[in-house]
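The values are calculated or read from the model by the stated rules, or taken from the named source; none is laboratory data. Please read all numbers here as calculations on a predicted model, not as lab measurements. Ideal geometry is used to build each Cβ from the backbone, glycine not excepted, and the neighbour counts take in all protein chains shown. Just so you know, the surface numbers come from the protein's heavy atoms only, side chains and all, with ligands and any DNA or RNA stripped out. Shrake-Rupley method; radii C 1.70, N 1.55, O 1.52, S 1.80 Å.
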Amino acid sequence: MPRHRTLVDIGHRIMKRFQQLDLDVGEEFIIFAVHLLARDLRRGLLKTDLDKPTACAINAFVNSIVDSYVDPKDCTMANMKMAWVMKKGVTIDLQYVKSQYEEKFQIELQVLIDDILQYPETCNKLQLDQLFAKMQVFIVACYNLGSPKNHVLLKLTAQALNSVIGRSDLQNYVLKKKYHRMEYLQRLAATVGGIVIYNNDGPDGDRENVRSVVDDLEMAQKNTNAAFRASMEQAVKMRSLCQAAVDDLIHIDHKEETLTYGVPLGHMDRLNQYTLTYCMMHRCLTTLNESYESTQYLVEVEQKRYTCVVAKINDALSMRTAIDSELIFPHFVYLSQVWGNLNNYLSHIVELNKLREQVEALVVDDLITMAKDTISELQALSQRIKKPKICAFEERIEAVKDLQTDGNFCNLAKADIKEFCSLALTVTNGLLLPAQVTRKLCSNVDITFGFRDPRYARFAELRFEPFIAGLRRVIFNSANLALLFKLDDDLIAQELQDLIVEPPKQSDFNGQTEMVITNDLTPSNWINVTWNAWDYHRETIHLANIRQRQTHDTQTKVSYGQRNAQNQTYNTRQHM
């Protein structure tokens, strides 16, 4: 496909440019950027023929991508980078973080585990002392109780380990088979770890040497809540500021069905770029915050379990003269499991903060100053223009009629577009204004549209076909809008789907008949040829009925008593 080959060649040229600049850029991201930006009306290649591209257009497109990538103040590239962080940010999933941390942890501990299990059955006293010391390190590391090099923590662990298994009992441990020893080691570590955690709980705990994951979680949640709140408030503030400025520069009359503006829409699109960036930032942070709130709820549940099991241990230990190890040890094992879950939740919160910091770093502080300067510039320009331009809604919708797009109307069902006024988006070619009401205009597809006023929705309902056609072209011909509404993957997948080449229905090889006559419509063959599909169906049913009525030779002979006829005798008829 010429179009795809052109985009692949552009991607290779851009990667060479980055190599010359000594920049380490992922090739997968460049392919993503090239395929998406090529569809952009303002910065893409829609105005050229990609089947026969010109060298000037290709060079300009390559230069624009390279320049925008190295420029931290480019809004479109910032949006693409934020979208890429969210696509590749697999650590947003709690289960993924848990599995990755546990896998990494097991790899690091495997050397110590193998060292513990390698002791022979005939251990001397020195070897038993080494085994006892290595068990302490294993327990401390296994449940993240603190630094394995902390001698105070190791001493506390040794005391807890002595209360469960003494040095004299270690000889019985090493006599077990290896797979039994591994199972016993894990159960022993859970019990001793629970004892250390329990002894450190409360006001008398040694906070300097023994780590408290509960306190760490409280501090992490406090800092994370403050960070998310500050970033989201700033994004909302800047988004509202830019939208209010755009709203002052245009006037949409629902009665006359006209759009009035003094400043050209191309100039207002510069300001709209900042609106898009802060909207994108807010949506990324909202997704991360939702994942964080889900983990925060799990932390609250686990902390209640932690408090409950500590209370049960306190009740069991209140009668020390009647205590039984089989009664108390399972509580320590459960406490260790709860402690491990809290550590996993803390790890997930840490990873979410890393993603948040990556998103925030992509929206530099200079964009705030640039957005405010653009607002002042457009307001001054608006005052100098005495005669504004008035356009009808139909005229604005017709202006995008010739734009071609791969996007399907049904793709909009996946997008969250109800936050913005769809009519303003259509007639202004992409300007984002907040919506006040929502409507479902199409009963066949579950799409919720946003409008600034119910009367705007009425216009869209009465002229649904041209309205939805214009909205679709505006969204799918803007890289920023496709990223904001998470439609970028659908657009790229649509193009790659066109590359699938169907295999030929007929093989061409040397033994094939040179000339095959298909649909021979001579009078002798015309009786079996029809262009009506229902005639084909009737003919198929007729042939099937004939097939069902056919009889096989064996069945016929049995029916007439002729099977094995050579072994049968017949009485001859006596003639008188």
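Data table
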{"item": "Gain on full stretching of the segment that runs from ALA60 to VAL111 - 0.36 nm per residue minus C-alpha separation", "result": "12.8 nm"}
{"item": "Under 14 Å, Cβ to Cβ, from ASP373 - net charge with Lys/Arg +1 and Asp/Glu -1", "result": "0"}
{"item": "Calculated FRET value between ALA469 and GLU326, using beta carbons and R₀ = 60 Å, to 0.05", "result": "0.20"}
{"item": "Cβ crowding within 10 Å averaged over residues, with 352-362, 381-391, 191-201 ranked highest first", "result": "191-201, 352-362, 381-391"}
{"item": "Value of D in µm² per second that Stokes-Einstein yields for the stretch 389-496, Kirkwood Rh from Cα pairs, at 10 °C (1.306 mPa s)", "result": "115 µm²/s"}
{"item": "Unsatisfied cross-links (Cα-Cα over 29 Å) in the set LYS149/LYS304; LYS237/LYS304; LYS304/LYS414; LYS149/LYS312; LYS52/LYS389; LYS81/LYS414", "result": "LYS149/LYS304; LYS237/LYS304; LYS304/LYS414; LYS149/LYS312; LYS52/LYS389"}
{"item": "The stretch 2-70, relative contact order [Cα under 8 Å, separation at least 6], %", "result": "37 percent"}
{"item": "Carbon and sulfur %, accessible surface of the stretch 76-217 computed with the full protein complex present, 1.4 Å", "result": "53 percent"}
{"item": "About the Cα centre, charge dipole magnitude for the stretch 119-201 (Lys/Arg +1, Asp/Glu -1 at Cβ), debye", "result": "200 debye"}
{"item": "Average Cα contact separation per residue, the stretch 119-201, under 8 Å, 6 or more apart, as relative contact order %", "result": "38 percent"}
{"item": "Point-charge dipole on Cβ atoms (K/R +1, D/E -1) for the stretch 389-496, about Cα centre, debye to 20", "result": "480 debye"}
{"item": "Value of relative contact order over the stretch 1-134, rounded to a whole percent, pairs C-alpha under 8 Å and six or more apart", "result": "18 percent"}
{"item": "Modelled FRET efficiency - R0 51 Å, GLU293 with ALA544, Cβ distances, 0.05 increments", "result": "0.25"}
{"item": "Given charges at Cβ of Lys, Arg, Asp, Glu: the stretch 119-201 dipole, positive-most of ASN144, ASN124, LEU170", "result": "ASN124"}
{"item": "Apportionment of accessible area to carbon and sulfur, the stretch 277-379, percent (1.4 Å)", "result": "52 percent"}
{"item": "Lys/Arg +1, Asp/Glu -1 at C-beta; the stretch 248-300 dipole; positive extreme among ILE252, LEU276, TYR292", "result": "LEU276"}
{"item": "The stretch 2-70: C-alpha pair distances exceeding 18 Å, %", "result": "28 percent"}
{"item": "Length added when fully stretched, LYS414-ASP366, from 0.36 nm per residue minus Cα-Cα", "result": "14.0 nm"}
{"item": "Label-point separation, LEU462 to MET182 (7 Å along Cα→Cβ), nm", "result": "7.5 nm"}
{"item": "Cα→Cβ-extended label distance, 7 Å offset, between ALA244 and GLU257, nm", "result": "3.3 nm"}
{"item": "Apportionment of accessible area to carbon and sulfur, the stretch 2-70, percent (1.4 Å)", "result": "51 percent"}
{"item": "Sequence ranges 412-423, 227-238, ranked by mean other-Cβ count within 10 angstrom, highest first", "result": "412-423, 227-238"}
{"item": "Total charge dipole magnitude, the stretch 284-352, about the Cα centre, Cβ charges on Lys, Arg, Asp, Glu only, Debye to nearest 20", "result": "240 debye"}
{"item": "Linear extension gain, GLU357 paired with GLU233, 0.36 nm per residue minus alpha-carbon span", "result": "43.1 nm"}
